[in-house]
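See structure below.
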Amino acid sequence: MGNVLTDEKIPNNVNLGSDKRLQRALEAWQPAFIDWWKQMGPLGWQERDIYLRTAVSVETDGWAHFDHVKMPDYRWGIFLEPKKEGRTHGFGDHYGQPVWDEVPGEFRNMMKRLIVTQGDTEPASVEQQRDLGATAPSLYDLRNLFQVNVEEGRHLWAMVYLLHTYFGRDGREEAEELLARRSGDADKPRILGAFNEPTSHWLSFFMFTMFTDRDGKYQLSALAESGFDPLARTCRFMLTEEAHHMFVGESGIQRVVKRSCELMKESSGDPRSLGGIDLPTVQKYANLWYSLSLDLFGGEVSSNAADAFASGIKGRYKEDRYDEHKLVGSHFAMDVLEGGKVVHKDVPMRNALNEVLRTEYIKDCQRGVDRWNKTIKDEGVDFQITLPSHKFHRQIGMWAGTYFTPDGQMIDAETFARRRGEWLPTAEDETYIKSLMHPVYERAKMASWIAPPNKGINGLPEDFEYVRL
Ligand code: BYC
Ligand code: FE
Ligand code: FE
């Protein structure tokens, strides 16, 4: 298998040219993808030159090739991490046995469902972010948005490759459906909740890339452990791209809070009076996107999660950090709802794996929030962003249909409805944030509500023409 890409229509390191049937199927899907991209991808910027990073091979230096390109000419392709000979199942009932290069018949449906669910999130996020190019706070941010968008497009390619290669006609049909569903559409919505929520301004975009792309990191990491080797290898390569998405979110919010602090000091306390975003409003958007993203881990107690682990399809985050990989007879201590009350108790580990993964995710989110708080402290402002309780504002799993305050006190529906506006963005907050969203497309200029980045892309200066107007 070569790692250097050729001039084929579909850049790849899977020797696509050797399988003519597959190549033809993917080449038939490609125009549908480009149509979808033109219809649902970034609005108004398709003919501009954008300074993008494009993967040209999977070697460490090969995926960091930068150049100005028009988005529809981006080299979307299929990249899998090189195969490791002799790899064995790292967890589950097949622990220690050689990994699979094909999908065993009995696991076909479960595997297809996971791949389709993963694949569905990728175009969904592009659709959610479609209009943001009209209001970017700088050319630097505009370019980062498009970088994220083209890479999510490539992640769709990654899942479509698996569907076409390993799932025959069913897989090809699913690949078509991935281009037919639409984020937020009443009749044909995307599969998972958060991917139907509007990200109608840049504060939500940064929260989305901070919290929702981070779900991507954890889900992809769990699939990167898979005993279905092609899935593991493609997820490993996807993870290299995911790091940048989370950087965009975490550093984006860090710049927002820095600016809030500066404006608070300039205005004796009210950053809104100077066109900034006050920290309590930042907190509300964090509460919203964090809780929506917690839902993406599925039910707290899940037989689907147990089955996916048992069969070797979906592991834990960094499975090799654990000592025990079969999880028969072990337990996880967690909060559950029993008779309307919160009870802390042991749940059979395999059934608790969604919660185990969510717990790792929560720790990772907290590390990012700690860095925001350090920025606030360094600015000399007395305020802390906090992550709400994992029970707050949940719509999937055990806590759906119950009501909790951000600090985890159970309350009734009426109290929640009355106090909701203290904790989650109100229509007024939304109107205010949208009122700040004006494009700032002069080189090296920034919108009023956000501080400049610490450094440019790829070592370039702040005034570089990241997008040619
Ligand atoms: N919304 O046993 P349960 C990313 C369904 S993000 C709606 O509790 P299970 C990205 C579930 O499908 C990463 N429905 O959970 C980020 C099931 O339905 P059926 C995306 C939901 O099965 C930013 C039922 O409820 N990747 O890459 O363990 C930008 C009971 O399910 C939701 C993945 O998610 C929900 N939130 O599912 C771009 C990985 N949660 O079968 C990209 C693949 C659950 O009864 N997916 N349901 O009809 C999975 O591993 C699993 O499907 C889940 C949990 C993690 C979603
Ligand atoms: Fe992705
Ligand atoms: Fe992402």
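The values are calculated or read from the model by the stated rules, or taken from the named source; none is laboratory data. Because the structure is predicted, anything quoted here is derived from the model rather than measured. Positions of Cβ are generated from backbone atoms using ideal geometry, with glycine treated the same way; all protein chains shown enter the neighbour counts.
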- Does W76 satisfy being aromatic (F, W, Y), under 22 Å from the mean Cα position of the chain (by Cα) and either within 16 Å of V160 (Cβ to Cβ) or not in a loop (DSSP other than H, G, I, E, B) (or both)? yes
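Can you name every residue in region 192-201 that is more than 8 Å from ligand 1 (Cβ to nearest atom) and either buried (at least 24 other Cβ atoms within 10 Å of the Cβ) or outside any helix (DSSP H, G or I) (or both)?
Correct list: E197, P198, T199, S200, H201.
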- Message: When you check R113 against the structure, is it free of Cβ contacts under 8 Å to residues at least 12 places away in the same chain and away from ligand 3 (no atom under 16 Å from the Cβ), yes or no?
- Response: yes
- When only residues in region 410-446 that are part of a loop (DSSP other than H, G, I, E, B) and within 25 Å of the chain's Cα centre (by Cα) count, which is farthest from D335 (Cα to Cα)? P439
- Message: I'd like the residue in region 243-260 that is touching a Phe, Trp or Tyr at 6+ places or on another chain (Cβ under 8 Å) and of a type in the set (A, V, I, L, M, F, W, C) and, out of all such residues, is nearest to ligand 1 (Cβ to nearest atom).
- Response: V248
- Across (1) out of contact with any Pro (no Cβ under 6 Å at 6 or more places or on another chain); (2) part of a loop (DSSP other than H, G, I, E, B), V369 clears everything bar (2)
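In the set L26, L22, L52, which member is crowded, with 20+ Cβ neighbours inside 10 Å, over 23 Å from the mean Cα position of the chain (by Cα) and aliphatic (A, V, I, L, M)?
On the way: L22 fails: crowded, with 20+ Cβ neighbours inside 10 Å; L52 fails: over 23 Å from the mean Cα position of the chain (by Cα).
From the options L26, L22, L52, the qualifying one is L26.
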- Message: With the structure loaded, tell me whether K314 is surrounded by fewer than 23 Cβ atoms within 10 Å (Cβ to Cβ) and not in a helix (DSSP H, G or I) or whether it fails that test.
- Response: no
- When you look at T209, is it surrounded by 24 or more Cβ atoms within 10 Å (Cβ to Cβ) and in contact with a His (Cβ under 7 Å, 6 or more places away or on another chain), yes or no? yes
- Message: Could you go through region 296-307 and let me know if any residue there is of a type in the set (D, E, K, R), crowded, with 22+ Cβ neighbours inside 10 Å and either in contact with a Cys (Cβ under 8 Å, 6 or more places away or on another chain) or touching a residue at least 40 places away in the same chain (Cβ under 8 Å) (or both).
- Response: yes
- Filtered residue count, region 177-191, keeping only those that are surrounded by 22 or more Cβ atoms within 10 Å (Cβ to Cβ) and either in a helix (DSSP H, G or I) or within 8 Å of ligand 1 (Cβ to nearest atom) (or both): 1
- Inside region 212-247, can you point out the residues that are more than 11 Å from ligand 2 (Cβ to nearest atom), in a helix (DSSP H, G or I) and out of contact with any Asp or Glu (no Cβ under 8 Å at 6 or more places or on another chain)? S221, A222, L223, A224, L231, T240, A243, F247
- Cβ-Cβ under 7 Å pairs, at least 6 apart or on other chains, region 232-251 side at pLDDT below 95, far side of a type outside the set (A, V, I, L, M) and not in a helix (DSSP H, G or I): F237/F79; F237/E81; T240/W63
- Selection from region 92-137 of residues in contact with a helix residue (DSSP H, G or I) (Cβ under 6 Å, 6 or more places away or on another chain) and hydroxyl-bearing (S, T, Y) yields T121, S125
- Task: Determine whether E174 is crowded, with 19+ Cβ neighbours inside 10 Å and away from ligand 3 (no atom under 16 Å from the Cβ).
- Result: yes
